[in-house]
1. Please find, among B:Q96, B:Q84, the residue that is surrounded by fewer than 23 Cβ atoms within 10 Å (Cβ to Cβ) and within 16 Å of ligand 2 (Cβ to nearest atom).
2. If the requirement is being of a type in the set (A, V, I, L, M) and more than 12 Å from every other protein chain (Cβ to nearest Cβ), which of these qualifies: A:A185, A:A143?
3. May I ask you to say which residue of B:V301, B:V247, B:V260, B:V207 is buried (at least 21 other Cβ atoms within 10 Å of the Cβ) and either without any contact (Cβ under 8 Å) to a residue 12 or more places away in the chain or farther than 26 Å from B:P18 by Cβ (or both)?
4. Out of the residues in the range B:75-86 that are in contact (Cβ under 8 Å) with a residue 12 or more places away in the chain and farther than 27 Å from B:D196 by Cα, state the one that is farthest from the other protein chains (Cβ to nearest Cβ).
5. Select, from B:E55, B:E63, B:E111, the only residue that is acidic (D, E), at negative phi and part of a loop (DSSP other than H, G, I, E, B).
6. Restricting the range B:211-226 to residues that are out of contact with any Leu (no Cβ under 9 Å at 6 or more places or on another chain) and assigned to a strand (DSSP E or B), which is farthest from ligand 2 (Cβ to nearest atom)?
7. Is it the case that the range A:272-286 has a residue that's at pLDDT 80 or above, out of contact with any Cys (no Cβ under 7 Å at 6 or more places or on another chain) and more than 14 Å from A:S87 (Cβ to Cβ)?
8. Identify the residue in the range B:162-183 that is outside any helix (DSSP H, G or I) and within 16 Å of ligand 1 (Cβ to nearest atom) and, among all such residues, is farthest from the other protein chains (Cβ to nearest Cβ).
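The values are calculated or read from the model by the stated rules, or taken from the named source; none is laboratory data. Only a predicted model underlies this, so the values are computations on that prediction, with no experimental measurement involved. Cβ atoms come from the backbone with ideal geometry, glycine included; neighbour counts cover every protein chain shown.
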Amino acid sequence: MTAVPLRALRAREPGSRRLREVSGKVGWTVLAWVVAIAFFLPVLWMVLTAFKPESAAETWPPRFTFSPTLAEFRLVFSGWGPYVTHSVIATIGSTILVLLLGVPAAYALSVHPVGRWRDGLFFFISTKMLPIVAAIGPLYVIALKTHLLDSIWVLIILYTAMNLPLAIWMIRSFMLEVPSELLEAAELDGAGRIREITGVILPVISPGLVSTALICVIFAWNELFLALNLTVTNAATMPMYLISSVPQEGLYIAHLSAAATVASVPVIIVGWIAQRSLVRGLAMGAIK
Amino acid sequence: MAQVRYVSASRVYGKNAPPAVDALDLEIRDGEFMVLVGPSGSGKTTALRMLAGLEPLDAGRVEIGERDVTFVPPKDRDIAMVFQNYALYPQKTVAQNMGFALKMQGVPKDERDRRVREAARLLDLDDQMLDRKPRQLSGGQRQRVAMGRAIVREPRVFLMDEPLSNLDAKLRVQTRSQIAELQRRLGITTVYVTHDQVEAMTMGHRVAVLARGKLQQCATPRELYDNPVNQFVAGFIGSPAMNLQTVPLTDGGARLAGTVLPLPAAVRTAASQAGLGELVAGIRPEHLHLANGSGELAGEVLLVEDLGADALLHVRLAGDADPVVARTEGRTPPAPGQQVTFHVQPDDIFAFHPVTGARLAG
Ligand SMILES: Nc1ncnc2c1ncn2[C@@H]1O[C@H](COP(=O)(O)OP(=O)(O)OP(=O)(O)O)[C@@H](O)[C@H]1O
Ligand SMILES: [Mg+2]
């Protein structure tokens with residue numbers, strides 16, 4: 001290649017390449033925003049509708065100018081009492097149980113692995129592969145025979161069972177990150193199994209535990225299928241309240257939106273914290 | 001305080017893998033500073049972990065203070081270990097780290113505090129540092145906390161696995177002497193693992209050289225240097241390493257660089273008894289004396305490494321492929337490309353069996 005075309009090429013290239021790069025970047029940015037807004041619009045609509053009077057909620061095209069009212073929220077707060085109590089008890093109760101059971105199980109599958117730990121690990125996750133619909137019949141009968149139908153305990157137990165496999169996998173992966181020297185140092189220092197877990201392992205993996213707990217909270221809070229089929233009034237949860245706020249006749253969109261907004265707030269807060277602590281949990285391996 | 005004994009102790013990791021530690025017989029005296037040294041993968045860490053109880057034995061036994069501890073769990077062996085990466089508990093403060101073992105033993109809080117403080121003073125860790133977390137400390141401070149955690153326990157044996165390898169060169173030299181000093185003061189039997197032969201030579205009362213899981217020689221640093229039992233020890237101990245060359249035997253000596261090096265009579269008898277036609281001759285760099293043209297070994301200088309006090313000459317001997325290294329005085333070293341000659345005392349030549357590597361009487 002001679003010098004002249006080379007120089008010509010050099011002179012031309014950077015500009016066009018930069019142009020391509022910039023336009024590429026802009027393209028991706030636009031796409032990302034379009035997707036994000038597409039996901040966000042229904043949520044925005046829900047929140048906006050929650051502040052509308054029922055009469056203004058069902059217009060088409062949707063109106064963005066209206067006089068906001070808290071009437072629907074007042075209605076929600078007057079009716080949600082038992083539901084939110086049940087949800088909180090089922091969510092927190094099951095999450096505590098998940099942690100109490102998940103930590104020893106994860107320990108036995110990672111730090112001092114028991115025989116055939118692979119099979120155990122696979123068994124746990126395989127329970128998530130069965131469609132829950134297939135199990136609802138037997139579950140109903142069992143709940144009926146044990147007099148747990150429509151009791152908060154049936155939800156606590158089932159939510160624990162539902163979240164335990166994922167929790168064990170998560171906690172196990174955090175435990176595997178704990179440097180083996182640390183455990184050996186604890187062993188030399190005379191810490192027994194319990195001390196090893198509570199005094200050395202748990203403090204190290206605490207960010208991971210927090211994110212595990214938060215994810216369990218979200219899943220339990222949002223669960224509808226089991227609650228719908230196994231409870232009626234004594235243990236009905238927030239998702240059931242949303243359903244029950246749809247009346248047989250008449251306008252209900254604004255009311256449903258207000259209820260859904262209220263039900264989403266805890267999830268959004270917890271999700272936001274979980275996302276931060278999950279990053280810390282995943283970065284935990286770096287602190288050595 | 002106690003003596004330590006390995007009796008034919010072996011550790012085999014895999015079914016078909018060679019033993020990581022192969023029938024180790026080693027006796028460490030009460031209060032002794034014993035250094036295990038060897039190249040990477042020679043089984044030093046494994047040997048130490050066997051003593052700590054972190055690695056089971058496949059054969060033989062280990063004793064601490066006359067007691068067979070082969071099947072005793074680590075916490076009941078009355079030992080303390082300093083890990084290479086210190087393994088400090090990240091969520092505990094320095095004081096909690098140091099006091100953890102005492103807490104596990106059920107030592108009351110006052111007593112614990114007193115002993116932690118005492119150890120901290122011994123290691124120049126000031127009081128405000130005791131409340132910090134390990135991640136707020138520098139590498140050197142962490143190293144001292146790890147030492148402190150071991151000292152506080154007042155164990156019968158200290159075990160240390162390359163505790164200086166994460167420090168920078170200057171700090172390593174400083175800490176090296178501090179550890180040796182501390183050990184002398186406390187008088188606690190210590191087993192110290194390193195791959196650095198300078199550390200081994202400067203710190204150990206005695207040094208055990210390992211290679212491929214086997215104990216090569218255990219002796220004082222001086223003895224190792226002056227009287228290596230085989231070619232491996234000779235080549236491993238000393239910096240720069242001993243010059244080792246396979247040389248054919250002739251009447252009265254060995255042929256090297258076109259001349260005949262005189263060998264001591266004892267070596268010649270040993271070689272002829274073994275029916276050898278050649279042997280490995282070893283000469284330490286400082287035993288190649290520059291002799292203004294009158295020396296028996298001639299060669300050409302390839303490279304000069306000036307170290308200040310002295311200089312290292314890399315020299316290609318006449319007719320020989322492998323360059324040798326000679327240590328000379330640093331002021332007026334010859335220049336690269338220059339022809340030089342060396343004089344060697346027959347007594348300074350080590351001779352090794354060319355196949356087994358064993359030292360031939362010398
Ligand atoms: N947990 C293990 N599983 C299998 N093989 C191992 C294990 N630990 C060590 N080995 C093997 O045993 C041999 C000795 O290892 P060891 O760690 O004792 O060497 P070392 O002398 O401490 O080396 P370095 O200076 O690199 O630390 C090596 O060949 C190593 O591959
Ligand atoms: Mg090692």
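1. The conditions single out B:Q84.
2. When all the criteria are applied, what remains is A:A143.
3. The unique qualifying residue is B:V247.
4. For the range B:75-86, the residue satisfying everything is B:D78.
5. From the options B:E55, B:E63, B:E111, the qualifying one is B:E55.
6. The selected residue is B:A219.
7. Narrowing the range A:272-286 to residues at pLDDT 80 or above: A:272-273.
So of that shortlist, the ones also out of contact with any Cys (no Cβ under 7 Å at 6 or more places or on another chain) come out as A:272-273.
Filter once more, so that each one left must be more than 14 Å from A:S87 (Cβ to Cβ): A:272-273.
Among the residues of the range A:272-286, at least one is at pLDDT 80 or above, out of contact with any Cys (no Cβ under 7 Å at 6 or more places or on another chain) and more than 14 Å from A:S87 (Cβ to Cβ), which makes the answer yes.
8. Applying the first criterion (outside any helix (DSSP H, G or I)) to the range B:162-183 yields B:162-168.
Filter once more, keeping what is within 16 Å of ligand 1 (Cβ to nearest atom): B:162-166.
Values: B:E162: 12, B:P163: 12, B:L164: 16, B:S165: 14, B:N166: 11 Å.
Within the range B:162-183, the match that is farthest from the other protein chains (Cβ to nearest Cβ) is B:L164.
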